[in-house]
């Protein structure tokens with residue numbers, strides 16, 4: 001019997017984070033082979049207006065980024081990455097509040113870099129074609145194509161790094177573990193091994209949906225002012241993220257149109273995931289087991 005609880009996760013440095021109906025947990029495989037188990041936080045379902053469609057996607061995105069950055073920081077420190085001089089200064093200056101401030105700064109910096117590279121830069125580059133291409137829709141399609149090209153090149157480039165390749169293997173392990181859970185099977189390496197490393201509800205697919213929906217949405221926005229167009233992209237980014245979240249949930253269903261909508265995200269996962277080994281599967285399964293009530 002398949003299980004109904006929604007679960008998801010994130011690959012870490014030599015580990016996996018999982019979020020389930022019980023808790024958000026992470027498991028790291030230390031250099032001596034020991035599995036370190038960490039409960040990051042108990043499950044806290046969205047309340048009030050954050051439960052409603054579109055808005056719940058904004059809440060889910062923020063929540064995922066918050067715990068994801070925290071988990072990545074823990075895994076980085078566990079494998080020898082010490083606090084920077086800036087982090088040490090922040091802790092001396094702000095004490096217990098330093099961690100929250102550092103998180104916000106990290107989150108804002110990451111968002112701005114991603115926005116600049118994948119949102120603002122394509123708009124700026126395509127703006128030089130406004131004198132040749134008159135159709136706003138065609139310009140937007142070209143803009144979206146440049147976004148996807150930049151994303152593919154970026155992912156392909158970092159995938160060549162040995163450490164990132166290991167992370168992508170843990171990403172594949174995370175997907176196999178989730179498939180095993182959703183199929184209602186015991187969370188064993190033998191069961192997980194046979195599943196695909198490509199999952200339709202992956203964050204990679206979410207990014208693809210953001211890009212596609214953004215291209216459609218902004219095809220109705222004038223190219224008269226490049227600065228205004230970029231500003232509107234930043235303003236409407238939370239809304240587009242919320243819509244993309246709903247689109248991702250929709251693709252969990254089985255139908256002809258859904259299978260078609262899944263394909264771009266699944267194709268891109270060929271770059272963001274790699275086949276895991278049994279030890280990596282063990283880590284992902286243990287993290288999942290800690291995050292759900294039923295295992």
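The values are calculated or read from the model by the stated rules, or taken from the named source; none is laboratory data. Fair warning: this is a prediction, and the values are worked out from it, not measured in the lab. Here the Cβ positions follow ideal geometry from the backbone for every residue, glycine too, while neighbour counts run over all protein chains shown.
A few notes on this one:
- Subset of region 273-290 [crowded, with 24+ Cβ neighbours inside 10 Å and in contact with a strand residue (DSSP E or B) (Cβ under 7 Å, 6 or more places away or on another chain)]: 283, 284, 287, 288
- Test: residue in region 171-183 that is under 17 Å from residue 270 (Cβ atoms), in contact with a helix residue (DSSP H, G or I) (Cβ under 7 Å, 6 or more places away or on another chain) and modelled with pLDDT under 90: no
- Region 220-262: number of residues that are farther than 26 Å from residue 111 by Cβ and modelled with pLDDT of 85 or more: 1
- Picking from residues in region 12-43 that are within 16 Å of residue 278 (Cα to Cα) and surrounded by 14 or more Cβ atoms within 10 Å (Cβ to Cβ), the one that is nearest to the chain's Cα centre (by Cα) is 16.
- If you check 117, 149, 138 for being out of contact with any strand residue (DSSP E or B) (no Cβ under 9 Å at 6 or more places or on another chain), over 30 Å from residue 71 (Cα atoms) and either at pLDDT 90 or above or surrounded by 13 or more Cβ atoms within 10 Å (Cβ to Cβ) (or both), only one passes: 138.
- Residues located in region 57-92, provided they are over 16 Å from the mean Cα position of the chain (by Cα) and either at pLDDT 70 or above or surrounded by 13 or more Cβ atoms within 10 Å (Cβ to Cβ) (or both): 74, 75, 76, 77, 78, 79, 83, 87, 90, 91, 92
Here's the yes/no breakdown for (1) within 19 Å of residue 149 (Cβ to Cβ); (2) in contact (Cβ under 8 Å) with a residue 12 or more places away in the chain; (3) within 19 Å of the chain's Cα centre (by Cα); (4) part of a helix (DSSP H, G or I):
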{"residue": "215", "(1), (2), (3), (4)": "yes, yes, no, yes"}
{"residue": "223", "(1), (2), (3), (4)": "no, yes, no, no"}
{"residue": "231", "(1), (2), (3), (4)": "no, no, no, yes"}
{"residue": "247", "(1), (2), (3), (4)": "no, yes, yes, yes"}
{"residue": "274", "(1), (2), (3), (4)": "no, yes, yes, no"}
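- Taken over region 184-207, residues that are in a helix (DSSP H, G or I), more than 13 Å from residue 171 (Cα to Cα) and out of contact with any helix residue (DSSP H, G or I) (no Cβ under 6 Å at 6 or more places or on another chain) amount to 3.
- Every test in (1) more than 27 Å from residue 156 (Cα to Cα); (2) surrounded by fewer than 14 Cβ atoms within 10 Å (Cβ to Cβ) is passed by residue 239 save one, and that test is (2).
- Which numbered condition residue 128 misses (of (1) in contact with a helix residue (DSSP H, G or I) (Cβ under 8 Å, 6 or more places away or on another chain); (2) within 19 Å of residue 228 (Cβ to Cβ); (3) part of a helix (DSSP H, G or I)): (1)
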